[in-house]
Amino acid sequence: MRKKIVAGNWKMNKNLQEGIELAKELNEALAAEKPNCDVVICTPFIHLAKVSDIINHEVIGLGAENCADKEKGAFTGEVSAEMVKSTGAEYVILGHSERREYYNETPEILKEKVLLALANGLKVIFCIGESLEQREANQQNEVVKAELEGSVFNLSEEQFANIVIAYEPIWAIGTGKTATSDQAEEIHAYIRSVIADKYGKEVAENTSILYGGSCKASNAPELFAKPDIDGGLIGGASLKCADFKGIIDAWK
Ligand code: PEP
């Protein structure tokens with residue numbers, strides 16, 4: 001049975017003290033009321049080690065928002081997958097549209113990052129999704145298929161078991177525009193069928209596919225009720241404990 005997951009992506013928000021506060025609040029809220037799904041928080045690099053010490057890892061998984069495409073060495077300012085793992089983190093987000101767009105992360109670069117993350121024992125939340133222009137031209141299926149083929153379909157079946165897919169239509173990220181639950185379900189089912197064509201039905205059935213894009217407590221129950229939506233990757237609404245917990249509670 002595939003996992004239901006609600007993962008937060010803090011992006012470049014929260015200084016260290018604010019991040020610690022949020023992690024403590026969430027840890028306490030989930031200790032008081034056990035979630036019905038896996039919960040992950042993905043934080044800026046600077047928070048990882050401290051947050052790792054604060055959270056109960058049996059209830060909250062920890063992830064980074066990126067890692068380097070090189071193993072180690074003279075790459076000033078970069079943070080390797082091994083370094084991320086050494087903080088106690090278990091996950092890393094890769095392929096987010098903001099990194100593809102603003103930092104020119106190509107499918108080849110992402111392929112390297114994915115391999116290094118997996119080699120260092122991290123699970124990868126791999127983001128895919130089309131732009132508004134591509135959606136309007138009805139190209140969303142081709143886009144997500146090409147993104148999978150470009151960076152994760154080189155993996156063995158064993159490696160692919162450590163990949164969580166996050167479908168994030170770019171036009172819905174941070175815009176307040178959410179894909180309708182029917183739109184999201186349609187493409188999630190398509191993504192699962194593409195995975196089944198590559199790795200077989202069993203692997204596809206075991207792959208968690210999260211929806212991301214202006215997901216909040218008010219729309220999460222309808223989205224998560226769809227058979228191929230296994231949870232969410234949450235940006236803005238992961239920055240306040242009550243908002244994030246509201247989405248986690250959609251699984252109740
Ligand atoms: C994201 O960027 O991963 C995201 C889903 O953002 P938001 O929830 O703010 O749309």
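Things worth noting here:
- Once backbone amide H atoms are built at 1.01 Å from N, ILE234 has ALA7, GLY8, ASN9 as its partners under 5 Å, excluding neighbours fewer than 5 places away on the same chain.
- The calculated Kirkwood hydrodynamic radius for the range 69-179 is 14.8 Å, given to one decimal from all distinct C-alpha pairs.
- Accessible surface ranking that places the most exposed of LEU132, LEU30 first, with a 1.4 angstrom probe: LEU132, LEU30
- Accessible area per residue, Å², the chain with all protein chains present, probe 1.4 Å: 46
- Whole-Hz ³J(HN,Hα) from phi, Karplus 6.51 cos²θ - 1.76 cosθ + 1.60, for the range 225-238, glycine and proline x: 6, 6, x, 9, 9, 9, x, x, 10, 10, x, x, 7, 9
- Candidate aspartates and glutamates - alpha carbon under 17 Å from LYS252, same-chain residues fewer than 8 apart omitted: GLU33, ASP38, GLU222, ASP230, ASP243
- Out-of-range pairs (alpha-carbon distance over 28 Å; input LYS72/LYS123; LYS34/LYS113; LYS14/LYS198; LYS4/LYS201): LYS34/LYS113; LYS14/LYS198
- Taking the chain as a Gaussian network of alpha-carbon nodes connected by springs under 10 Å, the highest mean-square fluctuation of the residues GLY88, GLY77, GLY213 belongs to GLY77.
- Divide the volume of the convex hull around the Cα atoms of the range 61-119 by the residue count and you get 81 Å³ per residue.
- Heavy-atom accessible area order for HIS57, HIS188, largest first, 1.4 Å probe: HIS57, HIS188
- Taking every alpha-carbon pair under 8 Å whose residues sit at least 6 apart, the chain reaches a relative contact order of 22 percent.
- Within a straight-line Cα-Cα reach of under 16 Å, LYS85 can be paired with the following aspartates and glutamates, leaving aside sequence neighbours fewer than 8 residues apart in one chain: ASP53, GLU65, ASP69, GLU71.
- Backbone HN-Hα couplings from phi across the range 142-157 [Karplus 6.51/-1.76/1.60, Hz, Gly and Pro as x]: 4, 4, 5, 5, 5, 5, 5, 5, x, 9, 10, 7, 7, 6, 6, 4
- Measuring with a 1.4 angstrom probe and ignoring ligands and nucleic acids, TYR102 comes out at about 140 Å² accessible.
- Just the protein heavy atoms count here, and of the accessible area of the chain at 1.4 Å, carbon and sulfur take up 49 percent.
- Across the chain, Cα-Cα pairs farther apart than 21 Å form 55% of the total.
The values are calculated or read from the model by the stated rules, or taken from the named source; none is laboratory data. This structure is a prediction, so every number in the text was calculated from the model and none was measured. We work out accessible area using only protein heavy atoms, side chains counted, and drop any ligands, DNA or RNA first. Shrake-Rupley method; radii C 1.70, N 1.55, O 1.52, S 1.80 Å.
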